[in-house]
Amino acid sequence: MDQPLLSVRNLTVKFGEFKAIDGLSFDLYPGKTLAVVGESGSGKSVTALSIMRLVELGTRAKVAEGEVLLRRDDGSTIDLLKQSERAMRSIRGNDISMVFQEPLTSLNPVYTTGDQVIETIRQHRKTTRRDAAKRALEMFEKVRIPRPDKVMQDYPHQLSGGMRQRVMIAMALSCDPRLLIADEPTTALDVTIQAQMLGLMKSLQQETGAAVMLITHDMGVVAEVADDMVVMRNSKFVESGSVYDIFEKPGAAYTRALLASVPRLGSMKGKTEPERFDLVDREGM
Ligand SMILES: Nc1ncnc2c1ncn2[C@@H]1O[C@H](COP(=O)(O)OP(=O)(O)OP(=O)(O)O)[C@@H](O)[C@H]1O
Ligand SMILES: [Mg+2]
């Protein structure tokens with residue numbers, strides 16, 4: 001197997017005395033999709049923000065311990081937790097980029113979508129505005145935005161949620177990152193658009209060879225698109241492995257409970273409401 005692109009080792013992040021992440025370790029391999037799953041509040045977003053070194057900005061968070069090792073093209077590794085903010089600014093976008101849950105809050109309402117993607121490209125690449133505009137248009141085509149030249153002139157509020165999410169993905173992929181972190185990228189979208197987005201991300205990943213870290217609480221999504229998975233609960237690592245192995249034979253009671261929460265076709269026959277699901281009552285957890 002390839003060497004990991006990213007290795008998180010014993011990561012511990014505190015908000016004051018509260019440990020939002022407690023000794024988390026996992027590996028992410030080039031060209032693969034790793035799903036990070038766990039219930040609300042388990043520390044998934046804090047993990048992503050820690051990797052991007054965004055968690056300490058504007059919060060009381062402190063990365064107390066650990067390493068986040070990124071492998072470079074020459075085979076050497078750097079610890080992202082030890083990089084200067086200046087170095088991180090170049091790593092964000094060029095090596096790792098991130099797509100957030102709600103694209104309306106991550107796009108700037110006063111600039112056209114085209115201008116925002118062009119600016120992102122120009123922040124990372126020495127290029128003329130004209131060439132950046134050409135690249136932006138290519139990216140809009142790549143994420144299958146219909147009439148991309150028109151959408152480049154649109155402001156974010158003029159677009160549907162699905163289109164905004166496509167713009168975010170175009171922006172995130174515009175500088176060919178080796179790792180894309182997507183934090184619940186489809187939860188704000190309706191089900192058909194969700195399926196389209198996931199299909200799109202999968203095919204873009206095959207085209208670009210980027211690794212994807214996909215944060216989700218939806219086991220259906222995990223089964224659909226991920227190769228490997230990490231399960232988190234209450235700030236802690238529960239287990240990790242290939243999706244196939246974990247779905248086949250979950251090692252932890254908590255993972256079994258998560259998997260059991262995926263509704264099966266026909267499971268509501270004769271019932272008007274889904275059964276209440278209480279993780280705490282199962283197997284003494
Ligand atoms: N800025 C902050 N200040 C204090 N505590 C925070 C902050 N951000 C997150 N936390 C806490 O850290 C823990 C992990 O939060 P996180 O956002 O990573 O959860 P999550 O797994 O992404 O949940 P969700 O599925 O709801 O997005 C939670 O207990 C949360 O309350
Ligand atoms: Mg979250």
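The values are calculated or read from the model by the stated rules, or taken from the named source; none is laboratory data. Small disclaimer: the values here were computed from a predicted structure and weren't measured. Using ideal geometry, Cβ is built from the backbone for each residue, glycine included, and neighbour counts are taken over all protein chains shown.
Which residue out of 44, 32 is surrounded by 15 or more Cβ atoms within 10 Å (Cβ to Cβ), away from ligand 1 (no atom under 15 Å from the Cβ) and closer than 21 Å to residue 227 by Cβ?
Going through 44, 32 in turn, the sole match is 32.
Among the numbered criteria (1) β-branched (Val, Ile, Thr); (2) part of a strand (DSSP E or B); (3) surrounded by fewer than 20 Cβ atoms within 10 Å (Cβ to Cβ), which one does residue 212 miss?
The number of the failed condition is (3).
Of the conditions (1) in a loop (DSSP other than H, G, I, E, B); (2) in contact (Cβ under 8 Å) with a residue 60 or more places away in the chain; (3) away from ligand 2 (no atom under 16 Å from the Cβ), residue 19 fails just one. Which one is it?
For residue 19, the failing item is (1).
How many of the residues in segment 177-192 are touching a residue at least 40 places away in the same chain (Cβ under 8 Å) and either among the acidic types (Asp, Glu) or away from ligand 1 (no atom under 16 Å from the Cβ) (or both)?
Residues that pass the stated criteria total 6.
Quick one: which of 89, 53, 144 is more than 16 Å from ligand 1 (Cβ to nearest atom), within 21 Å of the chain's Cα centre (by Cα) and in the same structural domain as residue 182 (by TED's automatic domain parsing)?
Matching residue, one of 89, 53, 144: 89.
Taking only segment 30-59 into account, find how many residues are touching a residue at least 40 places away in the same chain (Cβ under 8 Å), part of a helix (DSSP H, G or I) and within 16 Å of residue 7 (Cβ to Cβ).
3
Of 32, 44, which residue is away from ligand 2 (no atom under 16 Å from the Cβ) and within 13 Å of the chain's Cα centre (by Cα)?
32
Taking segment 195-220 only, how many residues are over 10 Å from residue 33 (Cβ atoms) and within 16 Å of ligand 1 (Cβ to nearest atom)?
6
Can you confirm whether residue 119 is within 23 Å of the chain's Cα centre (by Cα), among the charged types (D, E, K, R) and within 16 Å of ligand 2 (Cβ to nearest atom)?
Spelling it out, it is not the case that residue 119 is within 23 Å of the chain's Cα centre (by Cα), among the charged types (D, E, K, R) and within 16 Å of ligand 2 (Cβ to nearest atom).
Go through segment 193-207 and count every residue that is in contact (Cβ under 8 Å) with a residue 24 or more places away in the chain and over 16 Å from the mean Cα position of the chain (by Cα).
3
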